[in-house]
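The values are calculated or read from the model by the stated rules, or taken from the named source; none is laboratory data. Predicted, not measured: the structure shown is a model, and the values here were computed from it. Counting neighbours? That spans all protein chains shown, and the Cβs are built from the backbone with ideal geometry, glycine included.
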Amino acid sequence: MNFGNLFGGKKKTAQESENKWIKCPKCLSLMYFKEVEAKQEVCPKCNHHFRINASKRIAFLVDEGSFLEQDASLTPIDPLKFSDKKSYKKRIEEAKSSSGGKNSAVMSGSCTIENIPVEIAVFDFSFMGGSLGSVEGEKIVRAINRAIKKRCGVIIISASGGARMQESTYSLLQMSKTSAALNKLHKEGLPYISILTDPTMGGVSASFAMLGDIIMAEPGALIGFAGQRVIKQTVGVDLPEGFQRSEFLLDHGLIDMIVNRMEMRHSVANLLRLFTKEERVVSQLIPQEIKEEYHQD
Ligand SMILES: [Zn+2]
């Protein structure tokens, strides 16, 4: 859901949206659109993080003007000639037109964050539920390969319902393909930061999303493998409060940190500096007395 959808009906122009009020789905406060937009689309009353598209995520996270999109022309084919209520081909066409001409659920490219070069792949939930198909997997692998070539880190921001059922095994193969590429990155000693956003489910959470050297999440994000209803029916007990939310996962050791959207850029840059051993920040983290002792030796 993006902001446009909150108003329902036809897509509004930017001018119209600017004059609108929106309701937070969590605290139900009515707020002026601009007020929420200025906070990177986070509710100023209750800190609810609205779902946002890939372009906005990139704009909020990376250095202005540094993003160079890669592999934008890769487009899904329909190897299985799959059809349920609609054909897969038709679904792709619809997703393309509703997303303003995007070819897949992943936007990837090269950029800098606080002047540190990094390769990034970002999921867009509005494109077929951010599902992982052959093109999405390929774009992730290419981003990892570029990072190995350039000797820089990789960031993947997930927002996905899981593997794309219309591609069946081709889609499931992307789990092992991306994991294998990340293993190569790991062997090269290069960092991978995984950022989980609402929602990160299914085959995405069961592969690269949970393989980060550091796994970060936005507050309140739904993160899991199977849906809560399925789990409840299977185990036959009521699930604890907050189950499958970022905070629950942090408490149970599945993720490393929860970071507010507005602090994400700086936190990611700090981690990249640490992992790439940039002297400036590492040296800031060493207490003065230890530094003095070191220099005396
Ligand atoms: Zn709120």
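Key figures
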| read-out | value |
| --- | --- |
| Helices (runs of 4 or more DSSP H) contained entirely in the stretch 191-262, each with at least 2 residues that are under 28 Å from residue 181 (Cβ atoms) | 202-205, 246-251 |
| Identity of the residue in the stretch 229-256, under 18 Å from residue 159 (Cβ atoms) and touching a Leu at 6+ places or on another chain (Cβ under 8 Å), that ends up surrounded by the most Cβ atoms within 10 Å (Cβ to Cβ) | 246 |
| Close pairs from the stretch 33-58: first basic (Lys, Arg), partner near the ligand (Cβ under 9 Å from one of its atoms), Cβ under 8 Å, at least 6 apart | 45/24; 45/27; 45/29; 45/31 |
| All positions within the stretch 130-154 that are surrounded by 23 or more Cβ atoms within 10 Å (Cβ to Cβ), among the hydrophobic types (A, V, I, L, M, F, W, C) and more than 10 Å from residue 119 (Cα to Cα) | 132 |
| Residue within the stretch 63-78 that is in contact with a strand residue (DSSP E or B) (Cβ under 8 Å, 6 or more places away or on another chain) and among the aromatic types (Phe, Trp, Tyr) present | yes |
| Filtered residues of the stretch 29-42 (kept if within 20 Å of the chain's Cα centre (by Cα) and away from the ligand (no atom under 11 Å from the Cβ)) | 37, 40, 41 |
| Odd one out for residue 98, checked against (1) at pLDDT 95 or above; (2) within 26 Å of residue 221 (Cα to Cα); (3) more than 16 Å from the ligand (Cβ to nearest atom) | (1) |
| Which listed residue is more than 8 Å from the ligand (Cβ to nearest atom) and either farther than 30 Å from residue 104 by Cβ or out of contact with any strand residue (DSSP E or B) (no Cβ under 7 Å at 6 or more places or on another chain) (or both), from 26, 45, 20 | 20 |
| Residues of the stretch 155-179 satisfying the condition of being under 30 Å from residue 276 (Cα atoms) and either touching a strand residue (DSSP E or B) at 6+ places or on another chain (Cβ under 8 Å) or modelled with pLDDT under 95 (or both) | 155, 156, 157, 158, 159, 160, 174, 175 |
